[in-house]
Amino acid sequence: MSSSIALASARSTTGFGDARGRGARDEQGRIELLCKAGPDGAALGDCPFCHYVQMVLRYKGLRYRLIPLTPEDKPEWLVEGYGGKMPCLVHDEEAYTDSGTITQYLEYFFPGEEPLTVEDEKPELAEEVKTATSGVFGAFARYMKNMDKEQDPPLQAALFEELDKVDSFLQTTKGPFLAGERITLDDMALAPKLYHIKVGVAHFKNVIIPPSLTALAAYMQHMFDMDIFQESSYPPDVITWGWGNARK
Ligand SMILES: N[C@@H](CCC(=O)N[C@@H](CS)C(=O)NCC(=O)O)C(=O)O
């Protein structure tokens with residue numbers, strides 16, 4: 001089995017098979033989410049992509065079994081069939097990897113009253129959200145992984161530039177969410193990354209996100225206060241453990 005999306009596409013031209021509309025109630029309790037384990041090897045680890053998927057599952061009110069795994073504990077089918085990638089969602093005897101694919105799948109099979117995207121109604125806005133947010137995590141990861149002190153200032157500047165982009169964008173849409181008044185998948189994808197940034201740069205670089213980015217600060221507070229964020233989250237020291245390993 002090459003990739004989960006290819007598998008799903010093979011079953012139907014709609015991309016995710018034909019079972020849409022069976023309703024969440026039929027499916028509850030039959031969803032499993034395999035994700036990175038934390039320092040104790042058993043509790044939830046520091047994965048913003050898993051955090052994202054969990055926020056979507058909880059937003060939709062779907063029950064699921066969370067299965068944190070160390071690299072050694074990954075089942076053979078995951079390693080052999082899916083390159084060991086996590087998060088991995090298992091539903092109806094099919095597995096799906098990549099948080100973007102997983103959340104599209106959930107949105108397709110378990111649609112709510114309002115869509116979690118604005119792509120259909122406001123494609124330009126959807127594009128603007130992507131442009132404003134897509135560079136954030138890469139810039140953060142490059143800064144975090146850098147061990148050469150001389151390279152820190154430009155890498156920090158690059159990250160702050162990306163955060164500034166998000167701040168400016170939030171000023172135009174007026175919040176509380178990226179696309180305005182309605183939460184979208186982009187919010188649930190971004191907030192866990194902002195959590196990593198907040199904790200990671202303070203711990204490893206001794207800097208804080210510039211307080212002048214007031215729209216971003218308000219956005220972060222709003223997202224971090226949401227029940228679905230907190231219920232899917234892990235403590236800050238799990239983040240510093242994870243990035244400590246990535247910096248070795
Ligand atoms: N692009 C992927 C990234 C997933 C990813 O990087 N997962 C990492 C942690 S953040 C992971 O689970 N690593 C542990 C492992 O694979 O054993 C997605 O969106 O799902």
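By the scheme Lys and Arg +1, Asp and Glu -1, what is the net charge of all other residues having a beta-carbon under 15 Å from that of Glu161? Result for the local shell: -2.
Approximating the spin labels as points 7 Å out from Cα along Cα→Cβ, the Ala246-to-Asp73 distance works out to 2.1 nm. In a fully extended conformation the segment linking Glu150 and Ala202 would gain 16.9 nm over its present Cα-Cα distance, using 0.36 nm per residue.
3J(HN,Hα) along the range 191-198, derived from phi through the Karplus expression 6.51 cos²θ - 1.76 cosθ + 1.60 where θ = phi - 60°, amounts to 4, x, 6, 5, 4, 4, 5, 4 Hz, with x in place of Gly and Pro. Mind running the shape call on the chain? Use the C-alpha gyration tensor, a ≥ b ≥ c as the square roots of the eigenvalues: rounded below 1.5 for a/c, prolate if a/b tops b/c, oblate otherwise. It comes out oblate by the Cα gyration axes.
Evaluated over the range 123-246, the count of Lys pairs having alpha-carbon atoms less than 20 Å apart is 12 (only pairs 8 or more residues apart or interchain). On the beta carbon distance between Ser212 and Glu119, with R0 = 30 Å, the FRET formula returns roughly 0.40. To the nearest ten degrees, helix 48-59 and the longest principal axis of the Cα atoms of the chain are 60 degrees apart. By the Cβ rule of 4.7 Å, the chain holds the following cysteines without a possible disulfide partner: Cys88. Extension gain, Asp227 to Glu93, is 45.3 nm, computed as 0.36 nm per intervening residue step minus the present C-alpha separation. Among Asp186, Asp164, Asp237, the largest mean-square fluctuation in a Gaussian network model of the chain, built with springs joining Cα atoms closer than 10 Å, belongs to Asp237.
Here is the result for the range 160-193: no chymotrypsin sites (Phe, Trp or Tyr not before Pro) lie in DSSP coil with at most 15 other C-beta atoms within 10 angstrom of their C-beta. For the chain, the longest principal axis of the alpha carbon atoms and the long axis of helix 152-173 meet at an angle near 60°. Most fluctuating residue of Val90, Val207, Val136 in a GNM of the chain with Cα springs under 10 Å: which is it? Looking only at Val90, Val207, Val136, the biggest GNM fluctuation is shown by Val207.
Report, in deg cm²/dmol and to the nearest 500, the calculated mean residue ellipticity at 222 nm for the chain, where each DSSP H run with n ≥ 4 adds -39500 (n - 2.57) and the sum is divided by the residue count.
Value at 222 nm, helices only, nearest 500: -16500 deg cm²/dmol.
Of the residues Asp227, Asp148, Asp167, the one that moves most in a GNM of the chain with alpha-carbon contacts below 10 Å is Asp148.
Just so you know, all these numbers are worked out from the coordinates, no wet-lab data involved. Worth saying up front: this structure is predicted, and the values here are computed from it rather than measured. Cβ sites come from the backbone with ideal geometry, for glycine too, and all protein chains shown count toward neighbours.
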